[in-house]
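Below is one structure, written out as structure tokens, with a few remarks after it.
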Amino acid sequence: MDISDDQWEVLKPVLEEPRRADGRGRQWKDARQVLNGVLWILRTGAPWEDLPDRYPPYQTCHRRFQRWQQDGRLELILCVLAEDLRARGRLDLSETFIDGSFSGAKKGALELVRQSAAKGPRSWQLQTAMVFLSPCTWPALHRMSALWSKKRFATVGSRRSQKD
């Protein structure tokens with residue numbers, strides 16, 4: 001599932017790339033399609049080479065993913081998406097945790113995870129939430145969790161003062 005038009009309108013200013021001053025170089029691939037490709041990789045955990053053909057080349061998506069992660073935009077993108085999910089009631093950060101344990105995986109585990117053709121597509125909210133299973137998204141969740149708890153305690157404090 002790709003990002004919605006509403007989500008894109010919020011993310012568009014974050015992803016705009018300035019053109020070279022001299023106007024040289026190839027035209028960049030559409031940032032929305034690249035982002036959808038990156039989110040597909042984060043959601044599925046598949047290798048970059050397995051990126052479906054409906055997205056730009058995996059090299060392009062990987063290069064932009066690295067650039068966005070290095071300059072901090074990836075965390076901002078994920079925070080915006082998480083906030084959108086939270087606002088829609090699809091993400092409750094009070095129940096979010098990260099487990100520090102490790103477990104072994106069987107050979108061919110990716111083959112076991114593949115969906116059968118009989119299963120229909122999942123909701124875009126669930127697909128977007130699946131992105132946050134990737135370790136590179138944990139800083140965004142940690143940041144969102146801290147912001148959420150501050151807002152929550154501020155709301156609780158204001159309610160108490162109103163009761164008194």
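Just one residue in the set LEU91, LEU78 is assigned to a helix (DSSP H, G or I), surrounded by 15 or more Cβ atoms within 10 Å (Cβ to Cβ) and modelled with pLDDT under 90; that residue is LEU78. Considered as a group, the residues in segment 3-21 that are touching a residue at least 60 places away in the same chain (Cβ under 8 Å) and part of a loop (DSSP other than H, G, I, E, B) include one that is nearest to the chain's Cα centre (by Cα), and that residue is ILE3.
Among the residues of segment 22-72 satisfying the criterion of being basic (Lys, Arg) and part of a helix (DSSP H, G or I), which is farthest from PRO135 (Cα to Cα)?
We begin by selecting, within segment 22-72, every residue basic (Lys, Arg); these are 24, 26, 29, 32, 43, 54, 63-64, 67.
Filter again for part of a helix (DSSP H, G or I), leaving 32, 43, 63-64, 67.
Values: ARG32: 22, ARG43: 11, ARG63: 18, ARG64: 18, ARG67: 17 Å.
This residue is ARG32.
The values are calculated or read from the model by the stated rules, or taken from the named source; none is laboratory data. All figures in this text were calculated on a predicted structure; none of them were measured in a lab. Every residue, glycine among them, receives a Cβ derived from its backbone with ideal geometry; neighbour counts consider all protein chains shown.
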